[in-house]
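Computed from the coordinates by the stated procedures, all read-outs in this text should not be read as laboratory data. Only a predicted model underlies this, so the values are computations on that prediction, with no experimental measurement involved. Note: ideal-geometry Cβ built from the backbone for every residue, glycine included; neighbour counts use all protein chains shown.
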Amino acid sequence: MTTYSQVYIDGQWVASTGTGSISVFDSTNEQVMATIPEGTADDVKKAAAAAKAAFGSWSALTPADRAGYMNKIGDALAVRMDEIGSVISRETGMNKPFSNMIQVGLPINSFKQAAAVSQSFEYSRQIGSSSVVREPVGVVGCITPWNYPLHQISAKVAFAMAAGCTVVLKPSEVAPVDAFILAEIIHEAGLPKGVFNLVTGTGPVVGEAIAASADIDMVSFTGSTRAGKRVAQVGAETIKKIALELGGKSANIICDDLDEATFAKAVMGGVGKAFLNSGQTCSALTRMLVPRTRLAEAEKSVVAAAGGMKVGDPFAEGSNLGPLASAAQRDRVQSYIAKGIEEGAKLIFGGPGSPEGLATGYYVNPTVFS
């Protein structure tokens, strides 16, 4: 078990002003894999003040100088890819090869792309007699989810910093270990103090303080609609900019103009997109709509595709469907399965309970209703 006892504020690791800690659970065995500080509103106040103080000098750097730091961070993430991929597989349940490719590969790309975009971006232009200037907004509070933890952190933090903003990050307390590794990398990269700050804790305390802070000019939030409403409500008190990416799933509509082979391919591909990251994906194609005349054909392909999913330890060879990220997620999905049966939906694959031999860990049977 790894114990993180400090938060990262103003370029250094410091003790939280709180005394509590939060346990982080390994999705594969339900054991505590790490503990993190349960940060406070005072921690956020200090982090926001540090970010505000650093903004002037950081935003005054040339885009090329800021890009140099982003590239350095991206390179360091690549060096630690296997370590980070393993951590995120334990945090979220994604199988290891996908973790390396998606959960670490995409963050590396974010820092590299932020570096490239920052240097090619048109910061000012003339329109007639008017000059249009785009400037960094200031201090950005980044509140991120647990399903693609480092990806969502990097998608916010890298581009904000490359644009000349400074940041205060609150990662999900369900999957925060990757955020500590990123903070270590940023510290080693020599980023000026105050540009990046990390405060861990719960949404109602740390997230609320970020949304409320008068020193934070913008909040970028990804998570549930309920929490997003609260961020917008609290942020309105200080008239800050708010960017919300909220919960939702996507319908997959397969039309009748496909030949048999293409139809089967579309259906089976849709199952893969529904189960990616154990279904813990905001764009997961969790509802498939097909012509009623081809329902039996679709059901056959769906069962074949679902049956091809090998559920198991994300580190085991051949396993392509790992556990869910937490006991809360497992219980929620099990409740949905029970509700589907209770309401009379036709169960064509899977069902309640855990897969055979996987009673420990947050595993759920891949399940399909028609």
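Please rank Met70, Met218, fewest neighbouring Cβ atoms within 10 Å first, as an exposure proxy.
Fewest to most other Cβ atoms nearby, the residues stand as Met218, Met70.
What's the extension gain from Arg292 to Glu188 if we count 0.36 nm per residue and subtract their Cα-Cα distance?
31.6 nm
Can you give the FRET efficiency to the nearest 0.05 for Glu317 and Gln12, using r as the Cβ-Cβ distance and R₀ = 56 Å?
That pair, Glu317 with Gln12, gives E of 0.85.
If I take R0 = 35 Å and measure r between the Cβ atoms of Thr19 and Asp65 in this structure, what FRET efficiency does the formula 1/(1 + (r/R0)^6) give, to the nearest 0.05?
0.35
Taking the chain as a Gaussian network, Cα atoms linked when under 10 Å apart, which of Lys346, Lys193, Lys241 shows the biggest mean-square fluctuation?
Maximum among the listed residues: Lys346.
Return the subset of Lys45/Lys249; Lys112/Lys170; Lys170/Lys229; Lys170/Lys241 for which the Cα-Cα distance in this structure is over 24 Å, preserving the input order.
From Lys45/Lys249; Lys112/Lys170; Lys170/Lys229; Lys170/Lys241, over 24 Å: Lys45/Lys249.
Only counting other Cβ atoms within 10 Å, I'd like Phe121, Phe111 sorted with the fewest neighbours first.
Sorted ascending by nearby Cβ count, the order is Phe121, Phe111.
Between Ser21, Ser172, Ser129, where does the largest GNM mean-square fluctuation fall for the chain, given springs only between Cα atoms within less than 10 Å?
Ser129
Looking at the range 109-162, I'd like the Rg to Rh ratio, where Rg is from alpha-carbon atoms and Rh is Kirkwood's inverse mean 1/r.
Answer for the range 109-162: 1.11.
Which of the aspartates and glutamates could a cross-linker bridge to Lys72, judged by Cα under 17 Å and excluding same-chain residues fewer than eight apart?
Leaving aside aspartates and glutamates fewer than 8 places away in the same chain, those within reach of Lys72 are Glu184, Glu188.
Give me the count of lysine pairs in the range 251-369 whose alpha carbons sit under 22 angstrom apart, restricted to pairs 8 or more positions apart or on different chains.
Total qualifying Lys-Lys pairs in the range 251-369 comes to 8.
Which of Leu150, Leu347, Leu77 moves most in a GNM of the chain, Cα contacts under 10 Å?
Greatest mean-square fluctuation among the candidates belongs to Leu347.
Taking amide H positions as placed 1.01 Å from N in the peptide plane, with prolines and chain starts having none, which residues 5 or more places from Leu169, or on another chain, fall under 5 Å of its amide H?
Cys142, Asn197, Leu198, Val199
Counting other Cβ atoms within 10 Å, which GluC sites (Glu not before Pro) in the range 263-370 have at most 11 and lie in a DSSP loop?
Glu317, Glu343, Glu356
With a 10 Å Cβ neighbour count serving as the proxy for reagent exposure, in which order, fewest first, do Val333, Val117 appear?
Val117, Val333
Which cross-chain or sequence-distant (5 or more) residues have an amide H under 5 Å from the amide H of Phe25, H modelled 1.01 Å from N in plane?
Met33
What nm value, rounded to one decimal, do you get for the distance between Ile239 and Val133 when each label is placed 7 Å out toward the C-beta?
2.0
In nm, what is the difference between 0.36 nm times the number of residues separating Leu347 and Ser250 and their Cα-Cα distance?
32.9 nm
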